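The values are calculated or read from the model by the stated rules, or taken from the named source; none is laboratory data. Just so we're clear, the structure is a prediction, and the values are computed from it rather than from any experiment. In this analysis, Cβ positions are derived from the backbone assuming ideal geometry, glycine residues included, and neighbour counts consider all displayed protein chains.
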Amino acid sequence: MTGEEATADDGGQVRLLAHVRGQVQGVGFRWWTRARALELRLQGSARNLPDGRVEVSAQGPRAACEQLLALLEAADGDEASRRRPGAVTGVAVQWMAPKDVPPGFVEL
């Protein structure tokens, strides 16, 4: 595997790096993200960035990461977005190779 791009040779394990824009700080968004990630058995973290975005780094099976991404990207008014705190206006996504991280999912 070259660089940090995920390939089919990684056993289906990937790392999702998502930068979430909108009203996502101070509303329980990181806590909600942590709860969803743990339900999906993902490892990683969610942290506030100085510019108002939340950075979500999650890794595990690609299908589980894609499920988390779908929850993060759910359009306002969708069933999933009604249970998600705050208001998401956009998500920038990068797929990467997994790296060594402690078990669990934390809010930073």
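Inside the stretch 26-54, residues that are part of a loop (DSSP other than H, G, I, E, B), surrounded by 18 or more Cβ atoms within 10 Å (Cβ to Cβ) and among the basic types (Lys, Arg) make up a count of 1. If the condition is being hydrophobic (A, V, I, L, M, F, W, C), modelled with pLDDT of 90 or more and either in contact with an Asp or Glu (Cβ under 6 Å, 6 or more places away or on another chain) or surrounded by fewer than 18 Cβ atoms within 10 Å (Cβ to Cβ) (or both), then the stretch 60-94 contributes Ala63, Leu69, Ala70, Ala87, Val91, Ala92, Val93.
In the stretch 1-54, which residue that is at pLDDT below 95 and among the hydroxyl-bearing types (Ser, Thr, Tyr) is nearest to the chain's Cα centre (by Cα)? In this case the residue turns out to be Thr7. Look at (1) surrounded by fewer than 17 Cβ atoms within 10 Å (Cβ to Cβ); (2) under 10 Å from the mean Cα position of the chain (by Cα) and you find that Ser57 fails only one, number (1).
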